[in-house]
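Each remark here refers to the structure printed beneath this line.
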Amino acid sequence: MRSIKLLAPGQLEIREINERQQITANTVRVKVEACGICGSDLALYTGRRDLTNEHYFGHEFSGTVTEVGNDANGLKEGVRVASELVKGCGKCWFCRNGLQNYCKSLNYALLPGGFTEETLVTNNDEYSFLSPIPDDLDDITASVLEPANCAYHVAMKANIKPGDSVLVFGLGAIGLVSAMILKTMGAGKVIGADRSKLRIEQIRKTGLIDVVDTADDDWLNQVLEMTAKEGVDVVVEATGAPAVLSDALRAVRTGGRVVVPSVYFGSIHEFEPLPIMRKELTIVGAKGPAPLVKTDGTSAVVDKVMQMKKDLQKIIKVYDYKDALQAFADARSGAAIKAVIKF
């Protein structure tokens, strides 16, 4: 089978693998149809994250179950699925304290991951990383289920009221999909902020949200003009650039809320935290994915993806697996908002 291997930072190679991983009682085998490039994949690719202890590569995938272990948690051969965290063990300290997204590392959920034609996925009564998908959800759009799960988690942390204004810094997939979900949840004005000319141009063409260019000296005034000059009710900081947190504190209104799903790889020089007290701000982190299920135990995120399917398709750029290097380059540069590799 074909596999996209990350050998070292900046070194991708397409390989043919003859040996198949042996299925276990707690796993299912998935034939991968498509896999999206996540910011965490880019961090491995660029060397910002250490590759040494990573057991998997790629986790935003869709496909079909081809083989099941003894405890398949209801999945059968032939079922179409997409990746997302839907169940934790319920017994560990994290699960008992409402933090199921910390239950296990993906190192124990995927082998070798979504950038290959087949992967094993943990899916049992104590931990599940797959959701069945409906027939009218195509494989490409379904591959966005996992980042949509993360974005939904961000939106829930925002705790908005109907009509609230929202500013999202960083219009990669997590930031943009968070903005889209917040609109469906009743946010009034939703504004995106970025400094990538490529990304801004693409998003403006989609018409999904209003966008300001933070490279403009007056970007904050532009935001204030759109939000009654008091600042926004909620800010989502999704750039991954630590310094932008200072901008978030400037843009949010007194008594407002800042949600931080960013994965930071550095510190903030001369960070001024005084607005946290002066403005009585609430600052919360959002580490996704997390189990977001309905009362019947099925995924609420699948429903949300179906609701936003046409808009999600506007931000996806598809690459053949042979063009993986170009896909990663475009994901880094902003030429692709959401790069998805199809096998």
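A compact table of results
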{"read-out": "Any chance D233 is at pLDDT 95 or above, touching a Gly at 6+ places or on another chain (Cβ under 8 Å), among the acidic types (D, E) and more than 28 Å from A336 (Cβ to Cβ)", "value": "yes"}
{"read-out": "When residues of the range 119-145 are limited to those that are hydroxyl-bearing (S, T, Y) and within 18 Å of L312 (Cβ to Cβ), the one surrounded by the most Cβ atoms within 10 Å (Cβ to Cβ)", "value": "S143"}
{"read-out": "Scan of the range 277-293 for residues that are touching a helix residue (DSSP H, G or I) at 6+ places or on another chain (Cβ under 7 Å) and open to solvent by 60 Å² or more (accessible area, probe 1.4 Å), ordered by number", "value": "I283, K287, V293"}
{"read-out": "Count of the range 186-237 residues which are open to solvent by less than 70 Å² (accessible area, probe 1.4 Å), more than 17 Å from G170 (Cα to Cα) and among the hydrophobic types (A, V, I, L, M, F, W, C)", "value": "3"}
{"read-out": "Residue match in the range 37-45 (condition: of a type outside the set (K, R), over 21 Å from N149 (Cβ atoms) and in contact with a Gly (Cβ under 7 Å, 6 or more places away or on another chain))", "value": "yes"}
{"read-out": "Pick from the range 1-20, criterion closer than 15 Å to G114 by Cβ and hydrophobic (A, V, I, L, M, F, W, C), ranking: most open to solvent (accessible area, probe 1.4 Å)", "value": "I14"}
{"read-out": "Selection status of K183, free of Cβ contacts under 8 Å to residues at least 40 places away in the same chain and buried (at least 16 other Cβ atoms within 10 Å of the Cβ)", "value": "yes"}
{"read-out": "Selection from the range 5-46 of residues that are at pLDDT 95 or above, of a type in the set (A, V, I, L, M, F, W, C) and either within 19 Å of T122 (Cα to Cα) or in a strand (DSSP E or B) (or both)", "value": "V28, V30, V32, A34, C35"}
{"read-out": "Near pairs, Cβ below 7 angstrom, 6+ apart or cross-chain, from the range 243-254 (touching a residue at least 60 places away in the same chain (Cβ under 8 Å)) to any residue that is surrounded by 23 or more Cβ atoms within 10 Å (Cβ to Cβ) and among the acidic types (D, E)", "value": "V244/E237; A248/E237"}
{"read-out": "Leading residue by the ranking (nearest to the chain's Cα centre (by Cα)) among those in the range 71-109 that are among the small types (G, A, S) and open to solvent by less than 40 Å² (accessible area, probe 1.4 Å)", "value": "S83"}
{"read-out": "Any hit, the range 268-284, residues being within 25 Å of K317 (Cα to Cα) and outside any helix (DSSP H, G or I)", "value": "no"}
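The values are calculated or read from the model by the stated rules, or taken from the named source; none is laboratory data. All figures in this text were calculated on a predicted structure; none of them were measured in a lab. FYI the Cβ positions are ideal-geometry reconstructions off the backbone, even for glycines, and counts take in every protein chain you see. Ligands, DNA and RNA are excluded from the accessible area calculation, which covers all protein heavy atoms including side chains. Shrake-Rupley method; radii C 1.70, N 1.55, O 1.52, S 1.80 Å.
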